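Comments concern the structure below.
The values are calculated or read from the model by the stated rules, or taken from the named source; none is laboratory data. For clarity, every value in this text was computed on a predicted model and none was experimentally measured. For neighbour counting, all protein chains shown are included, and Cβ atoms are generated from backbone atoms with ideal geometry for every residue, glycine included.
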Amino acid sequence: MDNKEQIDSQISKLEEKYKDSGQDLSAYLDGLLYQRYLTYWDYIHLDTLLSLQVPKTYFPDEEIFIMYHQITELYFKLILHEQKQLVDNKSQDVSFFMDRVNRINNYYKALISSFGIMIKGMEREQFLKYRMALLPASGFQSVQYRMIELYATPMENLVHHSQRDLFSSENSIEDLYENIYWKKGATDRETGEKTLTLKQFEYRYTPRLIRIAKQVQDSTIYHKYLQFPKEVQNNKELVKVLKALDLNANVNWPLMHMGSAHRYLGKDKGSIDATGGTNWKKYLPPSFKKVIFFPTIYTNQELKDWGKEWVDHIFNPEKNKKE
């Protein structure tokens, strides 16, 4: 096919594409004539992106803190982008399923490896000062992180582990939401009252989170896995990528936060409260909250020991050296 034939073929395809739009092809071609050339900075809205860092203090490291959290939220959006494809897919194509889960794991790997920016990339003295200008804002208020959990697993798996045996899929979404694990991490340790951080979050996001939970009630990623035939569910590679996702989301990522919290909020006697008043020593360790997206792929012993090795590494480094 010569160049003219190729152009004629492409014009024919364009005419077919636009025939139902109410405009003929020539109108769209006029639009191409008038349209400006696209630039990189316009396409990604670079000027807008670079204007989104607005520190509340004059400490230079606060800008690092802001940018890193913005980068994190973009990675969360990428994870949700893949999760929504998994939830919406009706094909039961295991290759598609594994490909998207692998993408999610790659996003988590990038997040986990990048957390050194938070752990070692800021001056502790600066952080302890500018953090006081951020009250009561907290990373706890990341709604995308909560959405990731809702897309991944049924809400009964997100009930705090101390009450999980009391709930099942028979309970209403509203009841399950009231007992979701992370609420216990944002209550005053002495009075048991909700912190302002949690009250703000609930006021803004509760309707959206309940709506999402209802939309995916029978179609979370875990449901999609359970809908595969048994021989597919037992596929070693499939189980491997799901275990990797569980570990990345519910062990490795929270424990990078533990490392950061100990670096900036730990001290010789006791610890400093997080900006939102969240009880980070109880809220972050995987073995304390025991959130597991895909519980049936583990042995009883694996479930019992969930996150224990990593927590020992964080809290008892001397013990691990001796062993």
Exercise. For region 31-81, name all the residues that are surrounded by 14 or more Cβ atoms within 10 Å (Cβ to Cβ), within 21 Å of residue 106 (Cβ to Cβ) and polar (S, T, N, Q).
Key: 72
Practice problem: Within region 220-259, work out how many residues are of a type in the set (Val, Ile, Thr), within 15 Å of residue 100 (Cα to Cα) and assigned to a helix (DSSP H, G or I). | Solution: 3
Quiz item: List pairs: first in region 37-60 and within 24 Å of residue 130 (Cβ to Cβ), second in a loop (DSSP other than H, G, I, E, B) and of a type outside the set (Val, Ile, Thr), Cβ under 7 Å, 6+ apart or cross-chain?
Solution: 56/134
Quiz item: Restricting the search to region 184-219, which residues are in contact with a strand residue (DSSP E or B) (Cβ under 9 Å, 6 or more places away or on another chain) and not in a helix (DSSP H, G or I)?
Solution: 187, 188, 193, 194, 195
Practice problem: Please verify whether region 82-89 includes one or more residues that are at pLDDT 95 or above, of a type in the set (A, V, I, L, M) and surrounded by fewer than 16 Cβ atoms within 10 Å (Cβ to Cβ). | Solution: no
Quiz item: Out of all the residues in region 236-258, which are over 18 Å from residue 110 (Cβ atoms) and either surrounded by 15 or more Cβ atoms within 10 Å (Cβ to Cβ) or free of Cβ contacts under 8 Å to residues at least 12 places away in the same chain (or both)?
Solution: 236, 238, 239, 240, 242, 243, 258
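For region 128-143, how many residues meet the condition of being assigned to a loop (DSSP other than H, G, I, E, B) and more than 15 Å from residue 68 (Cα to Cα)?
Qualifying residue count for the region: 4.
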Practice problem: Would you tally the residues in region 188-229 being buried (at least 18 other Cβ atoms within 10 Å of the Cβ) and of a type in the set (Ser, Thr, Tyr)? | Solution: 5
Quiz item: Which members of region 18-30 meet the condition of being surrounded by 11 or more Cβ atoms within 10 Å (Cβ to Cβ) and not in a loop (DSSP other than H, G, I, E, B)?
Solution: 18, 25, 27, 28, 29, 30
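Let's see how each residue does on (1) part of a helix (DSSP H, G or I); (2) loosely packed, with under 14 Cβ neighbours inside 10 Å; (3) in contact with a strand residue (DSSP E or B) (Cβ under 9 Å, 6 or more places away or on another chain):
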residue: 110; (1), (2), (3): yes, yes, no
residue: 113; (1), (2), (3): yes, yes, no
residue: 122; (1), (2), (3): no, no, no
residue: 126; (1), (2), (3): yes, no, no
residue: 145; (1), (2), (3): yes, no, no
residue: 148; (1), (2), (3): yes, no, no
Practice problem: State whether one or more residues within region 260-271 are closer than 27 Å to residue 143 by Cα, modelled with pLDDT under 90, assigned to a helix (DSSP H, G or I) and within 21 Å of the chain's Cα centre (by Cα). | Solution: yes
